[in-house]
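J.: Sharing a structure below in structure tokens format, with a few things to ask.
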């Protein structure tokens, strides 16, 4: 400790210890508390100043002094301390009572509320304040605190780090307790905001103060006890946490996972065995642990004899050794002065957890480096704040010290977990880190395998309002409750869930039975493997085979009068076209491809145009043959060339239509996902509906002409019923295709193709049976009618 310091001691609230120098650094600490840490902060400041005074490189030939006041951890004493540090007119118990020069900078205070008062008053006089323990984000406001700096990160970062920590462990339902001051209120508000963004719900948010009545503390603990959240975020100062734990211990609260702020998470005063049942497994962010060479030896040398007038030192000594310097106290041994701090274990000299003390050390050196730079530049002391803003140096430990534009240091934390050592005592184990300067996703690191949870369990606790939904279900918010409280509703068909919401599968995918995976949709088309496709293919081949049989019969009897009278060339051409009509149905079965889609409609259009053109030519030939007014034994006929031209002409027009259709908008395979959501209907898109209906309409036009001409020829000789059979065939043909249109339009999926195949086969069978069945009947079963005389036996026209 510095030699010959002046101590003023009229009351606790006015305690001051000072030491003169060319440059004076002020200090504000809550030294008059039950915890020795604040006294150690003051001693660390003195240690750093003596170290600087002994340095030959930093502020050479310039002595640094100090004035340390007690802020008592509240605003009113902090105001007195600020005024005492600034005006320098304080009454002292020394030989002189002269006014001292004002301080150049102030280190402190520990609590944000005290520091706010200190900064606002000192800022008026452009005196910079560097806090070692005040984390309220409000202090980063340069308009209100233009000359404020700190060596501890702002709660703006800690609150968000805590929200990320809670999110990382999947805790979506937490309770919150805060200090009812600037530190707790601002820090918790930022945490709740960040937690909400992360999808975390806060069941309750309670506040206590170290001056709170017992009833209020009891009520807060009762809220915690009756709440359903298993994780409690405690944004509390040490004093408030101590009060809360005492009441929690009284109400026997256990089984909760505590998440703490830096103010108490590494407090050795809370690391007591009586609290271990509550706090073991606690986790939270702390300031990085550091080492200060020589500090422990300096602390061990502290002794009342160094400064007999330092009343706070005497009380510290009495508290540490359980003795008294007053001989009149009964039951208390008298302090001899021979006691040694190195002979006992106490928090004051324990430097294993140097965190906040290191911040005090850095703050003193920041002022010294700023003063060194300012004096080197020959500037006045009013420019000290500017030089503190610009400092950038490294301590002997290698740690860098600098401030950003808001006066804050780099936001780095260690993640600390409360565990027990082999002796059963609480210890702070570093299990991760947080660095706000790193990119998103890399700021937070953790070694989960090293974690211990409440009750010394290795099983991560669960804290949710509602259990996660099973795959195939989604969350539905319950009216009047937070979003974290939900019921589970089954996903609709075609949707999968990640236990929170249902998402539709891509267009060509569908959900599996468990609704947890999208699988390719079943592709549906009329195939040969299914019953309907196989039956239609069989009827198609049967029709083609039957037509070939009829062709063979006609070929066998080609020289007979009936075959000759039926115009054998046109009959064989008609039989060929009917065979092709039956076979073209096969192109509609199987997986559609570019070629099959074009082939099926073109083959259908051309073969039926050829078929109807043959029937039309045959009809015209019959009409001409039996309506000419000539002698009965003279039968005029259309020339063969005209018949051929009629057939080719009727077919050519259809070929022309098909060529234009295929050129401008050909049919193509199309995946229909509209009709059936759960499967893909693979079908042939017409390309141009106009092209399809023109092809079909042209066939209908030819059929209508046949029907009209055949109807006009109904009075031909009885023994020659060609026109009658053509009439019947056209009636069946027309009926089939007229029925086809509404059925085609309304049939879904592959049934559309089946309807079209049925129409092709039905009309083809109708033509085959109506035109050729009667002739085959005569050729095979009634050969006696297959004579020229019978054919022309009655040639009178009916009246």
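The values are calculated or read from the model by the stated rules, or taken from the named source; none is laboratory data. Predicted model only: the values in this text are computed from it and were never measured. Counting neighbours? That spans all protein chains shown, and the Cβs are built from the backbone with ideal geometry, glycine included.
J.: Go through segment 300-316 and give me each residue that's over 17 Å from residue 41 (Cα atoms) and part of a loop (DSSP other than H, G, I, E, B).
T.: Within segment 300-316, 307, 308, 309 qualify.
J.: Ok, one more. Which fully enclosed helices (runs of 4 or more DSSP H) of segment 711-798 have 2 or more residues being at pLDDT below 80? Let's see the steps before the verdict.
T.: On the way: elements: 722-746, 750-781, 788-791.
In segment 711-798, the matching helices (runs of 4 or more DSSP H) lie at 722-746, 788-791.
J.: If you scan segment 338-382, which residues turn out to be part of a helix (DSSP H, G or I) and farther than 24 Å from residue 153 by Cα? Spell out the reasoning first.
T.: Residues of segment 338-382 that are part of a helix (DSSP H, G or I), as a first pass: 341-343, 356-377, 381-382.
Once the filter is applied, which keeps residues that are part of a helix (DSSP H, G or I) and farther than 24 Å from residue 153 by Cα, segment 338-382 yields 341, 342, 343, 372, 373, 374, 375, 376, 377, 381, 382.
J.: While we're looking at this one, here's another question. Inside segment 1-81, counting only strands (runs of 3 or more DSSP E) that do not spill past its ends, which hold 2 or more residues that are within 28 Å of residue 264 (Cα to Cα) and modelled with pLDDT under 85?
T.: Passing ranges, in order: 16-19.
J.: Further, regarding this structure: Kindly indicate which of 150, 142 is buried (at least 24 other Cβ atoms within 10 Å of the Cβ) and in contact with a strand residue (DSSP E or B) (Cβ under 9 Å, 6 or more places away or on another chain).
T.: Exactly one residue qualifies, and that residue is 150.
J.: On the basis of being touching a strand residue (DSSP E or B) at 6+ places or on another chain (Cβ under 7 Å), at pLDDT 90 or above and surrounded by 12 or more Cβ atoms within 10 Å (Cβ to Cβ), does residue 286 make the cut?
T.: Criteria met by residue 286.
J.: May I pose another question? Got at least one residue in segment 189-197 being within 30 Å of residue 445 (Cβ to Cβ), in contact with a helix residue (DSSP H, G or I) (Cβ under 9 Å, 6 or more places away or on another chain) and not in a helix (DSSP H, G or I)?
T.: No; the residues of segment 189-197 include none that is within 30 Å of residue 445 (Cβ to Cβ), in contact with a helix residue (DSSP H, G or I) (Cβ under 9 Å, 6 or more places away or on another chain) and not in a helix (DSSP H, G or I).
J.: Please verify whether segment 545-562 includes one or more residues that are buried (at least 17 other Cβ atoms within 10 Å of the Cβ) and closer than 21 Å to residue 605 by Cα.
T.: yes
J.: Filter segment 497-510 for residues that are in contact (Cβ under 8 Å) with a residue 24 or more places away in the chain, surrounded by 13 or more Cβ atoms within 10 Å (Cβ to Cβ) and more than 26 Å from residue 197 (Cβ to Cβ) and give the result.
T.: 510
J.: Looking only at segment 66-77, which residues are over 16 Å from residue 237 (Cβ atoms) and either surrounded by fewer than 20 Cβ atoms within 10 Å (Cβ to Cβ) or free of Cβ contacts under 8 Å to residues at least 40 places away in the same chain (or both)?
T.: 76
J.: Further, regarding this structure: Is it true that some residue in segment 248-259 is crowded, with 17+ Cβ neighbours inside 10 Å, touching a helix residue (DSSP H, G or I) at 6+ places or on another chain (Cβ under 6 Å) and without any contact (Cβ under 8 Å) to a residue 60 or more places away in the chain?
T.: yes
J.: Report the residue count in segment 420-470 for those that are in contact (Cβ under 8 Å) with a residue 40 or more places away in the chain, surrounded by fewer than 17 Cβ atoms within 10 Å (Cβ to Cβ) and in a loop (DSSP other than H, G, I, E, B).
T.: The qualifying residues number 4.
J.: Kindly evaluate residue 582 against the criterion of being crowded, with 22+ Cβ neighbours inside 10 Å, more than 47 Å from the chain's Cα centre (by Cα) and modelled with pLDDT of 90 or more. I'd like the intermediate steps shown before the answer.
T.: Details: crowded, with 22+ Cβ neighbours inside 10 Å: yes; more than 47 Å from the chain's Cα centre (by Cα): yes; modelled with pLDDT of 90 or more: yes.
The answer is yes for residue 582.
J.: Let me ask something additional. What number goes with the only condition from (1) in contact with a strand residue (DSSP E or B) (Cβ under 9 Å, 6 or more places away or on another chain); (2) under 30 Å from residue 58 (Cβ atoms); (3) without any contact (Cβ under 8 Å) to a residue 60 or more places away in the chain that residue 412 does not pass?
T.: (3)
J.: Applying the selection to segment 142-176, what residues are more than 29 Å from the chain's Cα centre (by Cα) and touching a residue at least 12 places away in the same chain (Cβ under 8 Å)? Spell out the reasoning first.
T.: Initially, segment 142-176 is screened for residues more than 29 Å from the chain's Cα centre (by Cα), giving 142-153.
142, 144, 145, 146, 147, 148, 149, 150, 151, 152, 153, listed by residue number.
J.: Let me ask something additional. So is residue 480 surrounded by 14 or more Cβ atoms within 10 Å (Cβ to Cβ) and either assigned by TED's automatic domain parsing to the domain that holds residue 265 or farther than 30 Å from residue 682 by Cα (or both) or not? Quick ask: steps written out before the conclusion?
T.: Working: surrounded by 14 or more Cβ atoms within 10 Å (Cβ to Cβ): no; either assigned by TED's automatic domain parsing to the domain that holds residue 265 or farther than 30 Å from residue 682 by Cα (or both): yes.
No: the conditions fail for residue 480.
J.: Only one residue in 551, 540, 566 is within 16 Å of residue 760 (Cα to Cα) and in the same structural domain as residue 677 (by TED's automatic domain parsing), so which one is that?
T.: Numbers: 551 fails: within 16 Å of residue 760 (Cα to Cα); 566 fails: within 16 Å of residue 760 (Cα to Cα).
The conditions single out 540.
J.: Now a separate question. Can residue 507 be described as assigned by TED's automatic domain parsing to the domain that holds residue 669, closer than 21 Å to residue 672 by Cβ and either modelled with pLDDT under 90 or over 25 Å from the mean Cα position of the chain (by Cα) (or both)? I'd like the intermediate steps shown before the answer.
T.: Working: assigned by TED's automatic domain parsing to the domain that holds residue 669: no; closer than 21 Å to residue 672 by Cβ: yes; either modelled with pLDDT under 90 or over 25 Å from the mean Cα position of the chain (by Cα) (or both): yes.
The answer is no for residue 507.
J.: Please tell me if residue 398 is outside the structural domain of residue 168 (by TED's automatic domain parsing), outside any strand (DSSP E or B) and surrounded by 18 or more Cβ atoms within 10 Å (Cβ to Cβ).
T.: no
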